[in-house]
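Chemist: Here you go, one structure.
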Amino acid sequence: MTGLAGVGIAGGSILKGCASEPDTNKKSGLDQLSKQLEKSHVQRFNMSGYAAPRLDTVGVGIIGLGNRGPNHMMNASRIAGVKINALCDMQPEKAESAKKMLAGTDHNPEIYTGNEEVWKKLCEREDIDFVIVTTPWYMHAEMAVYAMDHGKHAATEVVLAATLEECWQVVETAERTRKHCMMLGNTCYGKFSMVMLNMARQGFFGDIVHGDCGYIANKMKNNFSKDMYWDMWWLKQYGNRKGNIYPIHGFGWVAQMMDINRGDKLDFLISVESKDFGMGGRAKELAATDDFYKPFADKDFRGNINTSVIKTSKGRTIIVQHDATTFRPPTNTQGIYGTKGSVLGYPPPARISKGEDGWISPEEYKALEEKYTPNIVKKMDELAKVSGSDVGGDLLMMWRLIDCLRNGLPLDQDVYDGVSWSSILPLSEWSVNNRSYPIDIPDFTVGAWETNKRNQDLTIAEGGNTKMKKMV
Ligand SMILES: NC(=O)c1ccc[n+]([C@@H]2O[C@H](COP(=O)([O-])OP(=O)(O)OC[C@H]3O[C@@H](n4cnc5c(N)ncnc54)[C@H](O)[C@@H]3O)[C@@H](O)[C@H]2O)c1
C-alpha cells in the first residue's frame, strides 16, 4: 500500500523554538506539527449534522474479511434496502469464505482479491454507495479517503485514523466530498450505553465531571497466535508503537456523555505507560525454539498498561486505559461521575449512585433502567422479534446507519467524532515518548464545537422505517 499511514514526522528541526522543554526530551515534533496542521485547515463545510441525499437501496462494499468483516457483512445482509455488491480481501480464502456465508440470501457480491491494492477497484464501482472498512486499523484512513474521493460514504472499524495527518486528511476529504465518514464505535450502541446516555441528557447525573473508560482484555494468546490475525499485524503494532493503541471502546461513549464536539471539546492529554513486563519476554521465549518469532525477539514492546488523562475545554476530565497483557478478566470500563450521580458499568453488574450512601439497590437500578430506556433500544427489541434473533449493539449500529442513509438523516457519529476519538492514539504515543508531557488535542471542528447540535437521536424521531429480514 502506498499508505498515508507512516507519514514521517520531522524531528529536530521542527522543535526549534519550542522553549518550554529541552529538545532532548522530545522524540518528535508532533506537538508543533499538530498546531501547524490545525492552523492550515479551513473548514469548507461543517459536516456536523450533515444529511446526505437519501438512498432507497444502499449498495455496500466491504474491505477486509478477517475476524471482524464477516460480522458486519452478515448484519448488513439482514437489513432491508441493502445490497452487498462487492467484497474484498487480499487473501482469496477469506473473501471466498465470506461470500459462502451469504449463500441462501439475496446477495451475490463480486469478489476482489489477490493483491493489496485491489480494494481500490471495489471503491471505484458505480453500484457501491457505502464502503465498510474492516482491515487493520493503520489502513483505515487511506481506504476511507479513497472511498470518499470516489463518491462513496465510508465507515471504518476502530480506529478511523492512526496519525494526525490522516485525521486531518479524512476531515478535509469528508468536507470536500460531502460524504459521511463514520467510525464504527459500537460500544455506544450497547443497551447500557444508550440508557445511561438518555439519563445523562435528562440531567440525572447533573454536570458530568469525570469519565473512566478503557479496553482491558488479555490478548497474549491472540497476539502471539500465528493464525489469529493477518500477518501478525497486532503483534507488530505492539512491538513498534507506544501509547494507547486501542482507545475507542468506552471512550466514544464518554465523549457522547460529555457532548464532545457539540458544546465541549477535548483540550489536552497526558499519557503514562508502564514498561513492558510481558510481551518482550514471551517473544524471546518463543523465538528460542521457533524462528518464526525471531523478528519479534528484540522489539521494544509497548508497555503493559497505558493510562491517558484528558482535560476538556469545559473543565471535565477523562481517564482512558489500554491493557492487553496483564492477567485479569476483561474489563471494558465505563464510568461517569457527576454532580448529582454516578454510574459504573464494569465490572458487572452495572451500578448507579445518587448520593453519599453508596450504590442503589439492584431493584432501584432496574426501575431506573426501565424508566430511561430510550426508543432506539425499544426498537432493538422490536427488530429482534421480527428477525427471530437477538439484536445486539453491532446489529443495531448497522441498522441505524443504514436507516439514516436511506432516510437522508445525519449519522450518529460524524467525521469529527471519528478523528477526535482516534487522535488519542498518536497523541498518547507522543506523550509516552516524551516523559508524559502534555499535548494539545486538535479541534477538528475548527470552533464549530461551540454551536454544533447534538446528534445520536435516541428518540429516533425521524426514520426508523427500515425493516429487518428474517434470519436465514
Ligand atoms: N469494534 C470491535 O468490537 C472490533 C472487534 C474486533 C476487531 N475490530 C477492528 O476490526 C479491524 C480488523 O480486525 P480483525 O480482527 O478482523 O483483523 P484480521 O487480521 O482478522 O482481518 C484483517 C483482514 O484484512 C485483510 N487485509 C489486509 N490488508 C488488506 C488489503 N490491502 N486489502 C484487502 N484486505 C486486506 C486481511 O487479509 C485480513 O483478512 C481492526 O481495525 C480492529 O481494530 C473491532
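Nothing in this text is a laboratory measurement; each read-out follows from the coordinates by a stated rule. All values reported here derive from a predicted model rather than from experimental measurement. We place every Cβ from the backbone using ideal geometry, glycine too, and count neighbours over all the protein chains shown.
Chemist: Return one quarter of the surface area of the convex hull spanned by the alpha-carbon atoms of region 64-192, equal to its mean projected area, in nm².
Modeler: Values: hull surface 33.1 nm².
Mean projected area for region 64-192: 8.3 nm², to one decimal.
Chemist: Would you please give the FRET efficiency between residue 105 and residue 275, computed as 1/(1 + (r/R0)^6) with r the Cβ-Cβ distance and R0 = 60 Å, to the nearest 0.05?
Modeler: 0.75
Chemist: Next up: Just subtract the alpha-carbon distance of residue 385 and residue 440 from 0.36 nm times their residue separation and send over the number in nm, one decimal.
Modeler: Details: separation 55, 0.36 × 55 = 19.80 nm, distance 4.69 nm.
Extra length available between residue 385 and residue 440 comes to 15.1 nm.
Chemist: Over all directions, the average projected area of the alpha-carbon convex hull for the chain comes to how many nm²? It would help to have the intermediate numbers written out before the result.
Modeler: Numbers: hull surface 90.6 nm².
The orientation-averaged projected area of the Cα hull of the chain comes to 22.6 nm².
Chemist: Between residue 300 and residue 209, how many nm apart are label points set 7 Å from Cα along the C-beta direction?
Modeler: 3.9
Chemist: Which of 340/379; 242/265; 221/470; 219/311; 265/470 have a Cα-Cα distance over 32 Å?
Modeler: Violating the 32 Å limit, Cα to Cα: 221/470; 265/470.
Chemist: Oh, and also: Net charge within 12 Å of residue 135 by Cβ-Cβ distance, Lys/Arg positive one each and Asp/Glu negative one each, not counting residue 135 itself? Intermediate results must be reported in sequence, preceding the final value.
Modeler: Numbers: positive: 68, 94; negative: 89, 116, 142, 157, 231.
Once all neighbours under 12 Å are counted, the net charge is -3.
Chemist: A further question follows. Among 395-403, 114-122, 260-268, how do they line up by average Cβ neighbours within 10 Å per residue, starting with the highest? Don't jump to the answer; show the numbers that get you there.
Modeler: Working: 395-403: 24.4, 114-122: 15.6, 260-268: 21.8.
Going from most to least packed, we get 395-403, 260-268, 114-122.
Chemist: Provide the FRET efficiency to the nearest 0.05 for the residue 222-residue 451 pair, computing r from the beta carbons and using R0 = 45 Å. The partial results should precede the final answer.
Modeler: Details: r = 43 Å, r/R0 = 0.97.
The pair residue 222/residue 451 has a calculated efficiency of 0.55.
Chemist: Now, a different point. Where Lys and Arg each count +1 and Asp and Glu each count -1, what net charge lies around residue 454 among other residues with Cβ under 12 Å from its Cβ?
Modeler: Numbers: positive: 201, 262, 453; negative: 259, 264, 412, 414, 417, 457.
Residues near residue 454 contribute -3 overall.
Chemist: Aspartates and glutamates near residue 385 by alpha-carbon distance under 20 Å, same-chain residues fewer than 8 away left out - which ones?
Modeler: Residue 385 reaches 370, 394, 403.
Chemist: To continue, here is another question. Expressed as a rounded percentage, what relative contact order does the chain have, with Cα pairs under 8 Å and six or more residues apart? Spell out each step's value before the answer.
Modeler: Numbers: 1014 pairs, mean separation 104.8, N = 472.
Here the relative contact order equals 22 percent.
Chemist: Give me the number: length gained by fully extending residue 39 to residue 469, i.e. 0.36 nm times residue separation minus the C-alpha to C-alpha distance, one decimal in nm. Before the final figure, lay out each step's value.
Modeler: Working: separation 430, 0.36 × 430 = 154.80 nm, distance 4.78 nm.
Gain in length upon complete extension: 150.0 nm.
Chemist: Another question, then. Take residue 311 and residue 370, extend 7 Å from each Cα along the Cα→Cβ direction, and tell me the distance between the two endpoints in nm.
Modeler: 4.5
Chemist: Of the peptides 360-370, 158-168, how do they stack up when ordered by the mean number of other Cβ atoms within 10 Å, highest first? Please report the intermediate quantities before stating the final value.
Modeler: Values: 360-370: 13.0, 158-168: 26.1.
Put in order of decreasing packing, that is 158-168, 360-370.
Chemist: Same structure, new question: Residue 361 to residue 231: FRET efficiency via 1/(1 + (r/R0)^6), r the Cβ-Cβ distance, R0 51 Å, to the nearest 0.05?
Modeler: 0.50
Chemist: Label points 7 Å out from Cα along the Cβ direction at residue 91 and residue 55: separation in nm?
Modeler: 2.8
Chemist: Can you tell me which of 96-105, 209-218 comes out highest on packing, and rank the rest after it, using the mean Cβ neighbours within 10 Å?
Modeler: Numbers: 96-105: 14.0, 209-218: 20.8.
Per-residue Cβ counts within 10 Å, averaged per peptide and sorted highest first, yield 209-218, 96-105.
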